[in-house]
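Okay, so here's the structure we're looking at.
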Amino acid sequence: MNETANDTVRLLWGPPAKPSRGPKPALSLERIAAAGVEIADEEGLGAVSMQKVAGLLDFTKMSLYRYVPGKAELISLMVESAAGEPPAPADGADWRERLTAWAHHLADSFARHPWLLDATVGPRVMGPRELSWLEQVVAALDGLGLTGPERMDAAVLLAGHVRGIAQQSRGTGASGGPEAELLAALGAMVRQHADRFPGVAAAMADPDGRDRALDFGLERILDGLGALIERRTEPA
């Protein structure tokens, strides 16, 4: 584990560290993370810097380094802050209901903080809150005949679907979802060349179920998991 990863583990998982020198701490990791989240929400992840966060908090950049070693660790703190705690499962909910609610809450998180799509890629250290999201999926599928790797893969599959839709939806604002954007960009062209692309033209002209990409894909994923669970748990 490299030095940056060690620092991230200490910040996310260890007890709050006290600055080794200087006056009594005037900042907290929570305040620093919240400032970074505020900047990223308003201007995007690329706008976040140690200097800008320090300025928002009315501190100097050098004073910020007494708490956070650098930008990589700052972003890890921001992800942990923005992710928050996963939603508690509803009383009596079965595995499918739990995973449906989980996926919608994750989609809401990406909608509130679109920069999370950029900050949560590649190998990295996860904090306890973010790891709790994974725990909920794995726990919901426990005891249903799936192996440990299969439960982990199910979590990756669900998160990947939600991420894909969120990626397409990012920046659409009030104009609608991914299908509305596609219609706006290609609708006139497809209609003009309907003889060449009759399947696409017919599909785009059908308003039934439009902009349900998140739910449609989620339902098909859960259908597949349900079929596998049924095969694994049916009597021999």
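Local charge sum around PRO128 (other residues, Cβ-Cβ under 11 Å, Lys/Arg +1, Asp/Glu -1)? My count for the surroundings of PRO128 gives -3.
Here the dipole of the chain is about 980 debye; that uses its Cα centre as origin and unit charges on the Cβ of Lys and Arg (positive) and Asp and Glu (negative).
This model, with +1 at the C-beta of Lys and Arg and -1 at the C-beta of Asp and Glu, gives the range 1-135 a dipole about its Cα centre of some 700 debye.
Counting protein heavy atoms only, the chain has 56 percent of its accessible area on carbon and sulfur, 1.4 angstrom probe.
Helix 178-192 and the longest principal axis of the Cα set of the chain meet at an angle near 40°.
Given a 1.4 angstrom probe, what's the average accessible area per residue across the chain, in square angstrom? Provide the component values of the computation, followed by the final result.
Numbers: 13580 Å² over 236 residues.
Per residue, the chain has 58 Å² of solvent-accessible surface.
Towards the positive end of the charge dipole of the range 90-148, with charges on Cβ (+1 Lys, Arg; -1 Asp, Glu), say which of ALA140, PRO114, HIS104 has the farthest Cα. It is PRO114, whose Cα lies furthest towards the positive end.
Using a cutoff of 8 angstrom between alpha carbon atoms and counting only pairs six or more residues apart, the relative contact order for the chain works out to 19 percent. For the chain, the longest principal axis of the alpha carbon atoms and the long axis of helix 213-233 meet at an angle near 80°. Could you work out which residue, out of MET62, MET50, MET126, moves most in a Gaussian network model of the chain, that is, has the largest mean-square fluctuation with Cα springs under 10 Å? Checking each option, the largest mean-square fluctuation is seen for MET62.
The values are calculated or read from the model by the stated rules, or taken from the named source; none is laboratory data. The model shown is predicted, which means the values in this text are computed figures rather than measured ones. A quick note on method: Cβ atoms are made from the backbone with ideal geometry, for glycine too, and the neighbour counts reach across all protein chains shown. Protein only, heavy atoms only, side chains kept; ligands, DNA and RNA dropped before computing areas. Shrake-Rupley method; radii C 1.70, N 1.55, O 1.52, S 1.80 Å.
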